Each structure stands twice: as C-alpha cells, then as structure tokens.
1. Each residue of region A:110-115 in turn: what ³J(HN,Hα) in whole Hz from Karplus with 6.51, -1.76, 1.60 and θ = phi - 60°, glycine and Pro shown as x?
2. Short version: what are the Cα gyration tensor semi-axes of region A:492-584, square root of 5 times each eigenvalue, largest first, in whole Å?
3. Please report, largest first and rounded to whole Å, the three semi-axes of the ellipsoid equivalent to region A:246-438, where each semi-axis is the square root of five times an eigenvalue of the C-alpha gyration tensor.
4. Taking each residue of B:3-10 in turn, how many C-beta atoms of other protein chains fall within 10 Å of its C-beta, and what is the average?
5. Karplus couplings for region A:428-433 from phi (6.51 cos²θ - 1.76 cosθ + 1.60, θ = phi - 60°), rounded to Hz, Gly and Pro as x?
6. Taking amide H atoms as placed 1.01 Å from N in the peptide plane, list the residues 5 or more away in sequence, or in a different chain, whose amide H sits under 5 Å from that of A:TYR582.
7. Determine the alpha carbon to alpha carbon distance for each of A:LYS150/A:LYS442; A:LYS298/A:LYS320; A:LYS208/A:LYS408; A:LYS300/A:LYS399; A:LYS312/A:LYS512; A:LYS231/A:LYS512 and list only those over 26 Å.
8. For A:LYS37, go through the lysines and keep the ones whose alpha-carbon is under 19 Å away, minus same-chain ones fewer than eight residues off.
Amino acid sequence: MAAATTVRDNRTQTILWVDLSEGSTRLETLPEAWTAKYLGSRGVNARLLFDHVPAGTDPLGPDNVLFFGTGPLDGLPVGMGRISIACKSPRGTVAEGSCGGFFGPEMRRAGVDYIAIRGQADHPVYLYIQDSASGEVAELRDARHLWGLKTDETDAALRRELADPDVQFRYIGPAAENLVHASPIFGNLHNSGGRAGCGQVMGSKGLKAIAVRGTQGIRVADYDAFVDAYKVLRQRLDLATSRDMWTPVWSTYGAPVLARLFPDLGNLMTRNAQQMTWDYDKAMRISSEPYLDSYVTKAKACYCCPWPACQKLHKIDSGKYGGFKGGNYWAAQPVVFGSLIDNDDLELLLVLSGLCNQYGLDVFHVGYTLAWAMECFEHGLLTTTDADGLELRFGCTDKDGLVDLIPKIARREGFGGLLALGCAEAAKVVGQGSERFCLAVKGQELEGIPQRNLYMVALGIAVSEVGPDHTRWYPPYPCNPSLISPEELAELGIDLDLRLAFQGRNPEQKGKLLRWFTISRAIVESLPSCVFLVRDTLGLDLRPWWKLFRAATGFDLDYREFVAAGERLMNLDRAFNVREGYRRADDRPPVRMATEDVPGFGYPRLAPERFEPMLDEYYEANGWSVTTSIPTRRKLAELGLDDVAAEFAALGIEAEP
Amino acid sequence: MKQLELRYVAHVTTLTHCLLESHQTTAPSIHALVDELDSRYPGFRDMFVNPRTETLNLNAMIYYAAPGEVPLSVIDLDHPIGDGGTVTFW
C-alpha cells in the first residue's frame, strides 16, 4: 500500500456528482453542519435522496439518483467498512441498504465520502475514482467488454485491467443489467447491499461498476478520547468479556445455526410458511456445523471487524457440484433455499445461493418467489408446461432444473422471466388467488424472520419504508432484557416497559420498542458501523457510539442531539414515501400472516385486533398521524425539518399540526 | 432416572464433538445438569455459568422444552428438568 499523501479530518464530507448523460463529474463539499445534523452515510443519504429525487421521478429513468455514502467513522477501526446505498426503488419507495467490506474506507482515502450518480450512459461504463496530485478524481471508462459478465467475472476482469491489488469495487451482475426485480449491488465477490432494487437502478443507468483507489489518511479529532472509547467497544466484542449472548455463536459459527433453534419454536418458515416447523434432522443437515466441517476454506471479516464469521468462503470439493466456490452462508440461505422450499441438501443450497451471487440476484427475491411458484404448482395454478418442464415441487426433486433456473431468472428467459418480476408482480400475472401465496410487503419479499410469534418483527416489517429489512430494527430475537435496567432507560430518556416489550406475542409496547430500535440502528448505520455490534445493551444505550463520534469528528454534540439525528433520518424516509403516496394502509403484514394461524403451535394470525393497536402505538410514539402515518408539523419542526413540512404543503399533502 | 435429549449448538460442539445425544440423569435442575456435563466435557460449566454469581453467563443461552412443549429460554439455572425433556445449549 502506498504511503498516505494527505490526511483528512472527519468534520466535513465531500460528494462526487456524476452525470452519466453528460459524461461529467464534479467534487463538492457538503455543509459542515450536516455532519452534526445527519451524521453521515445513511443519514446524509436520506437527506440527499429527499432533496434530489422529487415525487413522481421515474425510478428507472435518468432523473433518479443513486447514492453511495460513507461517513465519519468509515475508514476508522469501528466503521467495519459499512456503506449506505440509496435511491428511489423501482417499486416507488425509498430504496436503501447497507453493506460491508472494504469499499467505504477506500472511498474515504480517495477523498470522496459520497457518490451521487444521475443520468444514463449511452453505452455501458464504469466509474474509476482515484485521488491524484493533479486533482483529477474521477473518470468514466468504457465498460462494453464487462457488460454481461457475472459478478465474479467482473471482479476478475477489473482486477486484471487496473492491475492494482488495493483497488476496491462495487458492481452489478447480469440480473441488474436486465432490470430484474430487487437486484442488489455486489462487491468483494459475496457482499451485497441495496436489495430494494439499487442494482436495478444502477443497471438502468448503464453503470456496470465503480472502482476506487485512495492514498489519503484519516485523522480523528481527539486521539486519546477515541482510543478510550474504542477500548470499551472492543471489550464488548471480545469472546471473553462480551455480554452479548450471540457473540460466541456469531463470531465462530454464524447465523445458519438458527435453523436448529427455530423449528421447535414455530419460527422456521417451511414450504412457503404453510408450516412453521421442520424435521430436526433436516435442519441439522443445513446448519453451520456441517458447513464448517466440510466446506469452509477461509474466514473473512469486513474492514477491521474482529469477528471472523460473517464472510466465510467455501468450496465443494467433489461430487456433482465439485469445484463450486462461494461465500457468505448466513441466516438467509438456510431459510430461502432450505426450509422454505423443503431442501435439506446443503450442497444444492450452496450452489443455488452461490449462483444468485454470481448472477447478481437477491436471494430473498429468488427464494420467496420460487416458494410462491411451488405453492402455485401444488394448487394447479402453474404447470410443468408453464415452468419449461420443471417439476416445481417442495422437496426439490428436480435439482438440476432448479440450478438451471437461476441464470434464466437473471436473463429473463422463459419461465425465469415470470420469476424475475418478484412474487408480487408475478402473482398479478398468474392471478387466480395466487396473491395470498406471495410473502411480501410493499412489493418486496420477506427475509426469513417469523412474525406471528414475534410481534415486533411483524410490526417492523410492515412499517419499514424500504420493505422488509431486518437491519432497521435488529435484533429480532428476544435478547436478555436484563442487559439494561429501568433506571438506565430512564437516564437515557427512553419510556419503555421492557418486561412487556419482550413478550413476543403481546402487542403492548411493541410500537415503542420498535421506535427505539429503529432510531438506534439508524444512528449506527449513519456513523456508519454494523448493527450486529449493538446487542449487548440492546442498542438502546448508544453512549459508546456517541463518544466515538465526538472523538472522531470534534463535534461537541450532546447525547440527545445525537439521538435526534436517528429520528431525523426516520422522518426523512417516511416523508419520502408519503410524498410518493404511501400511507397507513400500506403498512401491512403479508396476507398469509394476517389471515392464517400458525399450524401446530396455536399462534394466532395477525388479525386487526392484534396488529392495529401496535401500529397506533408506533405512530403515536413517533409523533406521526395515527390516521395517515404522515409526520406531524410539530414533529418535523422539532427535528429542524420545516422544509419537509413546507414541501408537504406545496404538494397539497395535509400534515396534522 | 430421567431421559433427556441434549442438543449442542455451534461453539458448544467444540467441547462435546457431537450435535446431540441421549442422556440419563438424576439432576433436578439445569444447574445440576450443567455440573454433571462438566465432568464429561471439561470447560462446559465455564461456558454457561458465571463463577462469581452462579448465574447463567450473559453471553450464553440454554433452552428447555418439556415433552410436547415449545422450548423456553432459561434465565434461572434452578429451572427444573423432567423426564423426556429436551435441553439445547448455545
């Protein structure tokens, strides 16, 4: 690595504007006050998105803007390399997602904290960012030779072309090029972010990849204070001293072990959630233990993260899929390519999820849409003729057919073209009541987490502005409520009865709990850092993060101002959706969860008498209209968002006082 | 004598070298069962019990299910165990 030529501070943040229609780039500095008001990353992206993508913008047209955002802690040892990717979703909502890796720190070292991409290129291009003594920061390069390549092929081709091992990339696969529903943006081969369709938007712009290389250093404002705050955080992540019950599990084996816990709890979606339990022997076959024993070749962490589990690399050595390589077997895959389609063949599971990564598909989209199609098949709404000869049965008897189907979805070929729409749009094509088999909210598929046994999850999924996204209120599972005392809650200004809040199927206190979880995760993702690191105080006590922010930036923000930044972000996201016409009626659980009890466990459906009071409590706690879900003028004024209230008024949107 | 099914998850298997096993015991509680398993799998107790407070370690989890019942997260180590139960150690 080259020696640092310049050292940056963390008070001001820069943005690189790229217009693909004009072929121009321009580097600007954002107002310094934004760092205190929106922190960075997801918070600044929310502000930028609201300001630069007006209501009614065509999501796949030139006026949609795709933002990549780092933040003041990125490139420091607590940022974990997180970045936020945001734009207007092709479904019309906010699209925002976070991902880790090494791209964010490299952006900061190149002197670019945000990238804003608008316009559409007349032929495929990639953006190359590199700091240099001449002041040239970015250039657009021809990418016609990369268009159509899979993600792993794109990574390899760019590495050969740029011949610098320290260049970091973000790219899309064939799925996003073909505007397939929910396609995310990839990097470091197996990291992805922005499953709300950010990859689709990148594809619509003709932008295949972004490459970045920087040489600058990053200096914290108060070194001693930063080191002191970092020591506290580091102790919380240590296996020996952590108070987080998931640390030992996650840091070595990872989330696929949940497949062994969930069946007996009625929490594992099986056969498209027609059942919520699964044969325990099947669950053991796809859990982390056999995965580690037989397939893992290397543990790999995000930038400076002390946990080695999240990004394991694996290889199937022999047999039918011998030589197949992949990575990032986590909580999603055992559900979407395991129990959801009733598949206990771990190698098939690794191949299906690996192919999704290679073709640039979202595993949740593909898994849930496949399960929807299987249920349609069971009911005779789809036939083998419709499915190009594929026997679409739960239990996955036609394994070769499923493997062949993944590229067809990415290329929109034959039956793959129907599944490429996602289950909500595909159900409109098939009709005949198939909508009730579609497990999606706001047009986006679920993420494998149960709802009828965990009411805060049900509420969180329903109200999320981007569609189902567990990172907005993680963790979904009841950690030990005694990790934080009522006295500490009072000291933090949090009005919450944790005893009631942690009763999974009691609607009481779920709105308030979700509000605080959402605010705190918004803050963590704005710094940015990783939401997996906040469990030991339930993410409710953010003082360690506040101290890190102050030491890194030099902003003397008091704790309540720091917390207000998270609430401001929540309101900007809500306001974006309100401007697009979303209201209370759109904050719903999927039909199955609202109308069917959980068989065998006695967990009742999320009927209105259970669900509506939670919605009321959530909106009230947030200072939003209980009738419409629109933020009140008082709440917007309290957060310094009078401009949002003014825009509502200009558009004829009636916000309550 | 009670017959239990014991399930070991993730890092716990580094001590037990198995994912599950049948176990016969006279232990009346989870705490006594953990002590018993410590003699078979040295270090097991340290993984689950805080030696100072004799309470469940904050970074450990135990689930107990009576026969035919949905598992419950155990917070109190004196939780009784019955014949036919399933205990899951995280």
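1. Result, rounded to whole Hz: 8, x, 10, 8, 9, 10.
2. Working: eigenvalues 111, 79, 25 Å².
They are 24, 20, 11 Å, listed largest first.
3. 29, 18, 15
4. On the way: counts 0, 0, 1, 0, 5, 2, 10, 17.
The per-residue average across the peptide is 4.
5. Listing the rounded values in order: 5, 6, 7, x, 6, x Hz.
6. none
7. Working: A:LYS150/A:LYS442 29 Å; A:LYS298/A:LYS320 22 Å; A:LYS208/A:LYS408 20 Å; A:LYS300/A:LYS399 30 Å; A:LYS312/A:LYS512 36 Å; A:LYS231/A:LYS512 31 Å.
Violating the 26 Å limit, Cα to Cα: A:LYS150/A:LYS442; A:LYS300/A:LYS399; A:LYS312/A:LYS512; A:LYS231/A:LYS512.
8. The qualifying lysines are A:LYS547, A:LYS635.
Every number in this text was worked out from the coordinates using simple rules, so none of it is lab data. Predicted model only: the values in this text are computed from it and were never measured. Glycine gets a Cβ as well: all are built from the backbone with ideal geometry, and neighbour counts include every protein chain shown.
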